[in-house]
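Visitor: Could you have a look at this structure, given as structure tokens, before my questions?
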Amino acid sequence: MGKVVGAAVISSRVLGPAEASLMLTGGLALAALVAVAMAFPRVVAGGLAITGGWVALTLLVQAWRLRFPRKKRDAGDTPPVSPESG
């Protein structure tokens with residue numbers, strides 16, 4: 001759906017009747033979001049704040065894991081038992 005809406009907005013390719021329902025759905029969803037934003041701006045702002053916080057937390061956790069990877073096992077630890085050696 002994202003590619004169809006993007007193609008409709010920037011006119012990068014010719015869209016046919018098959019994409020009409022996707023464009024209608026995208027347009028209606030956007031119109032509904034705009035209507036809710038105009039009627040209840042705090043609801044939309046709250047939703048955006050929660051989504052933004054979730055994305056920020058995810059990025060911070062991923063950055064932490066990349067910067068500080070977990071330590072590997074010591075050489076004296078026993079290796080895990082594989083099903084083949086069973």
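The values are calculated or read from the model by the stated rules, or taken from the named source; none is laboratory data. Here the structure is a predicted model, which means the values were calculated and not measured. Cβ atoms come from the backbone with ideal geometry, glycine included; neighbour counts cover every protein chain shown.
Visitor: When you check GLY53 against the structure, is it part of a helix (DSSP H, G or I), at negative phi and surrounded by 11 or more Cβ atoms within 10 Å (Cβ to Cβ), yes or no?
Guide: No: the conditions fail for GLY53.
Visitor: Pick from the range 1-34 the residues that are of a type in the set (Gly, Ala, Ser) and closer than 26 Å to ALA45 by Cα: which of them is modelled with the lowest pLDDT?
Guide: First, the residues of the range 1-34 that are of a type in the set (Gly, Ala, Ser): 2, 6-8, 11-12, 16, 18, 20-21, 26-27, 29, 31-32.
Within this subset, residues satisfying the condition of being closer than 26 Å to ALA45 by Cα are 2, 6, 26-27, 29, 31-32.
Working: GLY2: 59, GLY6: 64, GLY26: 85, GLY27: 89, ALA29: 92, ALA31: 94, ALA32: 93.
Step by step, filter the range 1-34, then rank; the result is GLY2.
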